[in-house]
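A.B. asks: For reference, the structure I am asking about is given below.
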Amino acid sequence: MHTTTFGRTGLTVSTLGLGGASLGGAYGPVEAEPEALRTVQVAVDLGVNFIDTAPLYGMGSSEARIGRALKEGGARDKVILATKVGYLPPGLAYDRATTVAAVEASLTRLQTDRIDLIQVHEADRAPLAQVVAETLEGFRLLQAAGKVRFFGITGDDVAKLARLADTGLFDSVQTFRHYTPLNRSAAEELLPTAARHAMGVINGSPLGMGLLSGRDPTEMNRPAPPEVLARIERLGVLAARLGISLPELAIRFSLSQPGISVTIPGTKSVARLKENVTAWRAGPLPAEALVEITND
């Protein structure tokens, strides 16, 4: 119930993952180092074996913290470790040489000799021809050297991601904020395309970038419009009727989608991690709740 096969890779992953953006302070104030390291270590202790990060998150600090936590806990071999290349200001390129150098730098920060899943960060913003001709060539060189195992793509534009996924060149795809109780656009084309190519699917930001956090509803620091606020209120009523919190409702909604391999809510503290794990262990939502959400 709590693990699945990650697409065609054959990797066994926990259906709840640890998103590393918040560990590097990508969204709000960063936690103190001891709390960040402990969050990673407790996640592994609780059975979470998929960890996703990127050089962009805290300009390398998320990778460094995750690497330190896994090293200190002797847990590197217990996890599937995913990171990314590209989309790092002031403009890290997607060419072969830069791709290889970026992965080498990530390996150093993560204190490991291999990355299980290397992903093109915000692949929807990169020229497809360059990703196919250069970024993938760099990935293949690294794979031949045993430094990366599988290739993935990430991004915000689900239509562009679906087109990239349909090339059949990648083992996984990661979307964010596009499969939540408020926004199910990833299910229209992206999830079916990923299924057709037996890709692993990672669903980031199941709380809609904060809209379903149970606090002031904002998405990427923008206030929610009135119609979204009204839907959030209805979802809150449903959650209360089920006896759960709004964040738990959102996480379990993602866990209810069979086309999603791993759900990765952003997690920056042990307290929030344990809330996520509680939702994970409760499993998918009841069928009648799913109907109510999808019909809203």
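A.B. asks: Rounding to the nearest 20 debye, state how big the charge dipole of segment 1-76 is about its Cα centre with +1 on each Lys and Arg Cβ and -1 on each Asp and Glu Cβ.
C.D. replies: The dipole magnitude comes to about 240 debye.
A.B. asks: Taking amide H positions as placed 1.01 Å from N in the peptide plane, with prolines and chain starts having none, which residues 5 or more places from Leu16, or on another chain, fall under 5 Å of its amide H?
C.D. replies: The list, which skips near neighbours in sequence, is Thr263.
A.B. asks: Tabulate in residue order the Karplus-calculated ³J(HN,Hα) for segment 146-156, using 6.51 cos²θ - 1.76 cosθ + 1.60 with θ = phi - 60°, rounded to whole Hz; enter x for Gly and Pro.
C.D. replies: So the Karplus estimates, Gly and Pro as x, are x, 9, 9, 10, 9, 10, x, 10, 9, x, 9 Hz.
A.B. asks: A further question on this structure: For the chain, set up a Gaussian network in which alpha carbons nearer than 10 Å are linked by springs, and say which option among Leu110, Leu190, Leu229 fluctuates the most.
C.D. replies: Answer for the Gaussian network model of the chain: Leu229.
A.B. asks: Right, another one. Taking the full set of protein chains and a 1.4 angstrom probe, give the accessible area of Glu233 in square angstrom, rounded to the nearest 10.
C.D. replies: Roughly 130 Å² of Glu233 is accessible to a 1.4 Å probe.
A.B. asks: Between Leu107, Leu23, Leu255, find the one with the highest GNM mean-square fluctuation for the chain; connect C-alpha pairs within less than 10 Å.
C.D. replies: It is Leu107.
A.B. asks: Which of Asn276, Asn183, Asn49 moves most in a GNM of the chain, Cα contacts under 10 Å?
C.D. replies: It is Asn183.
A.B. asks: How big is segment 168-296 by the Kirkwood estimate over distinct Cα pairs, in Å?
C.D. replies: 15.0
A.B. asks: Moving on to the next point. How many nm separate the modelled label positions at Glu227 and Arg196, each set 7 Å beyond the Cα in the direction of the Cβ?
C.D. replies: 2.9
A.B. asks: Which percent of the accessible area of the chain is formed by carbon and sulfur heavy atoms (probe 1.4 angstrom)? List each step's numbers first, then the result.
C.D. replies: Working: 6520 of 12090 Å².
Roughly 54 percent, rounded to a whole number.
A.B. asks: Now a separate question. With the Cα gyration tensor of segment 26-82 giving a ≥ b ≥ c as the square roots of its eigenvalues, does the rule (a/c under 1.5 for rounded; else a/b larger than b/c for prolate; else oblate) give rounded, prolate or oblate?
C.D. replies: prolate
A.B. asks: Dividing the alpha-carbon radius of gyration of segment 1-125 by 2.2 N^0.38 Å (N being the number of residues), what value is obtained?
C.D. replies: Ratio of Cα Rg to 2.2 N^0.38 Å: 1.02.
A.B. asks: Explain nothing, just compute: Karplus ³J(HN,Hα) = 6.51 cos²θ - 1.76 cosθ + 1.60, θ = phi - 60°, for every residue of segment 284-296 in order, whole Hz, x for Gly and Pro.
C.D. replies: 3J(HN,Hα) across segment 284-296, in whole Hz: x, 6, x, 4, 5, 5, 4, 4, 4, 5, 6, 8, 6.
A.B. asks: To continue, here is another question. Can you work out ³J(HN,Hα) from phi for every residue in segment 7-17, in order, using Karplus 6.51 cos²θ - 1.76 cosθ + 1.60 and θ = phi - 60°, giving whole Hz and x for Gly and Pro?
C.D. replies: Each residue's phi maps through the Karplus curve to give x, 7, 5, x, 5, 9, 10, 5, 6, 10, x Hz.
A.B. asks: Still on this model: In whole angstrom, how far apart do the alpha carbon centroids of segment 237-259 and segment 169-185 sit?
C.D. replies: Cα centres, segment 237-259 to segment 169-185: 17 Å.
A.B. asks: While we're on this one: Please give the length that would be gained between Asp296 and Ala159 if that part of the chain were fully extended, namely 0.36 nm times their separation in residues minus their C-alpha to C-alpha distance (nm, one decimal).
C.D. replies: Length gained between Asp296 and Ala159: 47.0 nm.
A.B. asks: Something else: Restricting to Cα pairs below 8 Å that are 6+ residues apart, what does the relative contact order work out to for segment 164-296? Please round to a whole percent.
C.D. replies: On the way: 178 pairs, mean separation 33.3, N = 133.
Normalised by residue count, the contact order of segment 164-296 is 25 percent.
A.B. asks: Of all the Cα-Cα pairs you can form in the chain, what percent are over 30 Å apart?
C.D. replies: Considering the chain, 26 percent of its Cα-Cα pairs are separated by more than 30 Å.
A.B. asks: Could you work out [θ]222 nm for the chain from helices alone, using -39500 (n - 2.57) per DSSP H run of at least four and dividing by all its residues? Round to the nearest 500 deg cm²/dmol. Don't jump to the answer; show the numbers that get you there.
C.D. replies: Details: 10 runs with 113 residues, N = 296.
It lands at -11500 deg cm²/dmol.
A.B. asks: Where the Cα atoms of segment 248-296 are projected onto their three principal axes, how long is each span, largest first, in whole Å?
C.D. replies: That gives 34, 18, 18 Å along the principal axes, largest extent first.
A.B. asks: So what does Arg8 come to for accessible area, using a 1.4 Å probe and Å² rounded to 10?
C.D. replies: 100
A.B. asks: So how much accessible area does Asp95 have, in Å² to the nearest 10, using a 1.4 Å probe?
C.D. replies: 40
A.B. asks: Label Leu242 and Asp216 with points 7 Å out from Cα along Cα→Cβ: what is the distance between them in nm?
C.D. replies: Between Leu242 and Asp216, the label points sit 2.7 nm apart.
The values are calculated or read from the model by the stated rules, or taken from the named source; none is laboratory data. Since the structure is predicted, the reported quantities are computational estimates derived from the model, not experimental observations. No Cβ is skipped: glycine too gets one built from the backbone with ideal geometry, and neighbour counts run over all protein chains shown. In case anyone asks, the SASA skips ligands and DNA or RNA and just uses the protein heavy atoms, side chains included. Shrake-Rupley method; radii C 1.70, N 1.55, O 1.52, S 1.80 Å.
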